[in-house]
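**Student:** Input: one structure, supplied below.
The values are calculated or read from the model by the stated rules, or taken from the named source; none is laboratory data. Remember, it's a predicted structure, so these values are computed and weren't measured experimentally. All Cβ positions, even for glycine, are placed from backbone atoms using ideal geometry, and neighbour counts span all protein chains on display.
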Amino acid sequence: MPMLNLVLFGPPGAGKGTQSQNLIDNYQLIHLSTGDLLRSEITQGTALGMEAKKLMDQGILVPDEVVIGMISNKLDSNKDAKGFIFDGFPRTVAQADALDALLASKQSAITGMIALEVSDDELERRLLLRGKESGRPDDANPEVIRKRIVEYNTKTAPVANFYKAQNKFYSIPGVGQIDEIFVSLRQVINTL
Ligand code: AMP
């Protein structure tokens, strides 16, 4: 069986984390969220975490080498995995290139990227709502939310073209009931 390696794609607030949870529950995949890994470094008070926090609190992406290094470690420590869900990574074309190289060195590859499509207005509404509950400082401040959306549009959106060029890009509507969105996600996965 080849590995099932999925990239969940979409702007902040698109529902990547929520749908990742559905995927974890239904497929035996390892969930790799660079945002979660960075927040865990912050909680542990590591030097990496402290440096990353300065950028994350402003809604700016952390350097490519930092997240690529974290993903590389996680791939090495999960050698027997059936596959991975990449959530919030790759966020730049350089990260996508590095991920292809890391997987190729393990005789593996990305199976597909699935994008969750949500309008900008809906995103801002969801993020402000989440900010009241998640306790994430970067969700609480409208200015930081807008910066994250700008970072997404300038640096991350081009990553879709990277996978389109490899015929690995799929997209589904990210609005509606969580379960309905998951049905669409499964339908795409079944075609991979
Ligand atoms: P997230 O939890 O995916 O919304 O990420 C929260 C913040 O962590 C982002 O705004 C970035 O500052 C940082 N971050 C997470 N993943 C990446 C990544 N792949 N590349 C660069 N920065 C990231």
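**Student:** State which residue is farthest from the ligand (Cβ to nearest atom) when the search covers only the stretch 106-125 and only residues that are surrounded by fewer than 20 Cβ atoms within 10 Å (Cβ to Cβ) and part of a helix (DSSP H, G or I).
**Tutor:** The residue in question is 121.
**Student:** Continuing with the same structure: Among the hydrophobic types (A, V, I, L, M, F, W, C), farther than 16 Å from residue 4 by Cβ and surrounded by 17 or more Cβ atoms within 10 Å (Cβ to Cβ), is that true of residue 89?
**Tutor:** Taking the combined requirement at face value, the residue satisfies it.
**Student:** Scan (1) away from the ligand (no atom under 14 Å from the Cβ); (2) exposed (fewer than 15 other Cβ atoms within 10 Å of the Cβ); (3) under 27 Å from residue 68 (Cα atoms) for the single condition residue 103 breaks and write down its number.
**Tutor:** So the condition that residue 103 fails would be (2).
**Student:** Is it the case, given these coordinates, that residue 35 is under 23 Å from residue 148 (Cβ atoms) and not aliphatic (A, V, I, L, M)? Before the answer, list the steps.
**Tutor:** On the way: under 23 Å from residue 148 (Cβ atoms): yes; not aliphatic (A, V, I, L, M): yes.
Criteria met by residue 35.
**Student:** I've got another one for you. Would you point out which residue out of 87, 64 is in contact with a His (Cβ under 7 Å, 6 or more places away or on another chain) and either charged (D, E, K, R) or more than 7 Å from the ligand (Cβ to nearest atom) (or both)? Steps first, answer last, please.
**Tutor:** Numbers: 64 fails: in contact with a His (Cβ under 7 Å, 6 or more places away or on another chain).
The match here is 87.
**Student:** Next question. Give just the number: which of (1) surrounded by 15 or more Cβ atoms within 10 Å (Cβ to Cβ); (2) of a type in the set (Gly, Ala, Ser); (3) away from the ligand (no atom under 15 Å from the Cβ) does residue 131 not satisfy?
**Tutor:** Of the numbered conditions (1) surrounded by 15 or more Cβ atoms within 10 Å (Cβ to Cβ); (2) of a type in the set (Gly, Ala, Ser); (3) away from the ligand (no atom under 15 Å from the Cβ), the odd one out for residue 131 is (3).
**Student:** Here's another thing I want to ask about it. Quick one: which residue in 44, 95 is surrounded by 17 or more Cβ atoms within 10 Å (Cβ to Cβ), out of contact with any Ser or Thr (no Cβ under 7 Å at 6 or more places or on another chain), among the polar types (S, T, N, Q) and modelled with pLDDT of 95 or more?
**Tutor:** On the way: 44 fails: surrounded by 17 or more Cβ atoms within 10 Å (Cβ to Cβ).
Answer to the selection: 95.
**Student:** Here is a further query. Could you check how many residues of the stretch 124-148 are touching a Pro at 6+ places or on another chain (Cβ under 7 Å) and modelled with pLDDT of 90 or more?
**Tutor:** Residues that pass the stated criteria total 1.
**Student:** Does the stretch 1-58 hold any residues that are within 11 Å of the ligand (Cβ to nearest atom), under 24 Å from residue 170 (Cβ atoms) and of a type in the set (S, T, N, Q), and which are they?
**Tutor:** The answer is 20, 33, 34.
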